[in-house]
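The values are calculated or read from the model by the stated rules, or taken from the named source; none is laboratory data. Given the structure is predicted, the values throughout are model-derived calculations rather than measurements. With ideal geometry, Cβ positions are generated from the backbone for all residues, glycine too; neighbour counts draw on all protein chains shown. The area values use the complete protein model at the heavy-atom level, side chains included, leaving out ligands, DNA and RNA. Shrake-Rupley method; radii C 1.70, N 1.55, O 1.52, S 1.80 Å.
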Amino acid sequence: MDMAPRAFRLALAGLIGGALLLTGCAGGSDGNGLARADGSARDRGAPAPDASAPPGAPEAPERLSTFALDVDTASYGYARRSLAEGRLPDPAGVRPEEFVNSFKPDYPRPKDNGFSVTLDGARSDAAGWSLLRVGLATRPSDGERPPARLTFVVDVSGSMGEPGRLDLVKESLGLLADRLRDDDSIALVTFSDDAETRLPMTRVGGHRERIHEVVDGLEVSSSTNVEAGVRTGYDVAVEGHRKGATNRVVLLSDALANTGDTDAAGILERIDQERRAYGITLFGVGVGSEYGDAFMEKLADKGDGHTTYVGTPEQARKVFVDQLPGHVELRARDAKAQVAFDPRTVESFRLVGYENRRVANEDFRDDRVDGGEVGAGHTVTALYAVRLKPGAQGRVATATVRWLDPATRAPHERSGAVETAALTAPIWGDGHDSLQLTAIAAYFADRLRGGTLPGAPALSGLAARAGSLAERAHSASVRELAEAIRQADGLGGSGDPYAG
């Protein structure tokens, strides 16, 4: 991780590399993704009950935004790979929250195993519009975690023979085998036209050499039957399941399914059953210049897990050496966030991204409804474009995060709030480096999807701002972001990337 000078208070890191739809939260919409804080709507019925109010409280105007937490980063990583190869990413695969969450702002960390909640913001360049950032963070790992029981499901189909696919997977697994604790356990399943268990659940201590032998012996075969791989992987994970351990399936693939069930429906049902019955979650690691991003994301979402993308050995090391301990040590299950906007100060608001993670407002405290899984040391950021009422002063929004304890499944909540005074300074002014990085990542995704985020600079200007921030922060991660923006600008990535 590149550390910025203390004055900038940035701790930036790539978590590998996650039309930009500016979604209206579940409130009334003007048809362009804009939700009105007073609850009015042109085409909606009566507002839903205020999910943040105690039972029996009077109904309030609909002013809520509710979503499951997301720490995926695959969309940003795959977009960078595409741009480096001289092609614009498919707009449908650009998920702005994964661009934003590919960087780790220096939010305060809680002392317990819950979340810190930080709200800040600034005035955008669009008249009347400000940016509001909701930041959530968990405590880093202290080395004290339950043992892990990891079932790796490795794609060895013919398409994985391309450089940067199976060779990168083998290097990643080798690195991981040397980093796991003696009391952790590994199983290995491979799949091509069918699936095969190469290594049953095996304790790492005393068997590292055997694990390396199995990994080194992996070779490509024929077609891609993801269904067979996932089915067998979960069979092995269930057989090796241990109560009190972190039980996880890690799928490493280009996700280009062409044999068996290729629409993910049957696979998703199996994943959901095992997640509910045994608490087994799925971590998807994507590879390859051609990558089934949407397919992998659906699998991970259903498996109550997350995805990332690796395209270089450096990225693989970050995932399997630097980041995997945070994925293994859970801080929260089924985590959701709800932001309540005050209609006395807020005219309208837009959430940037999280289209696939939206939750009905009334389901915020329904713990049967899936949320996101968050590990140790993770941060989650949500960015809103907010239009304040002229001259209004006071509370803008209150953000609440709700999660279940990974061991006891007891529910917990924590909240934070922000006032109008925090949103008045200009976004590009001094002292806003961390918020600027969030805005740059969001604006970049906006441009790639042909969106209309208020105050978005042209790509050339955005690249210049990213470059300046990278120099101030001495950050390789931000330099990579600046380069990706310049590449998109050179490919005509402003506005509609596929126009004329």
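Full extension of the chain between ARG344 and GLU213 gives 40.7 nm of extra length, using 0.36 nm per residue less the Cα-Cα distance. In this simple spin-label approximation, SER468 and ALA92 carry label points 7 Å from Cα along the Cα→Cβ vector, and these lie 3.8 nm apart. From most to least packed by mean Cβ count within 10 Å, the peptides 351-362, 444-455 give 444-455, 351-362. The 1.4 Å probe gives accessible areas that order SER192, SER415, largest first, as SER415, SER192. Accessible surface comparison of HIS412, HIS306, HIS212, probe 1.4 Å, protein chains only, largest first: the order is HIS412, HIS212, HIS306.
Among the protein heavy atoms, those of LYS104 account for about 30 Å² of accessible surface (1.4 Å probe, every chain in place).
Across the protein chains, with a 1.4 Å probe defining accessible surface, the residues SER221, SER348 rank SER221, SER348 from largest area downward.
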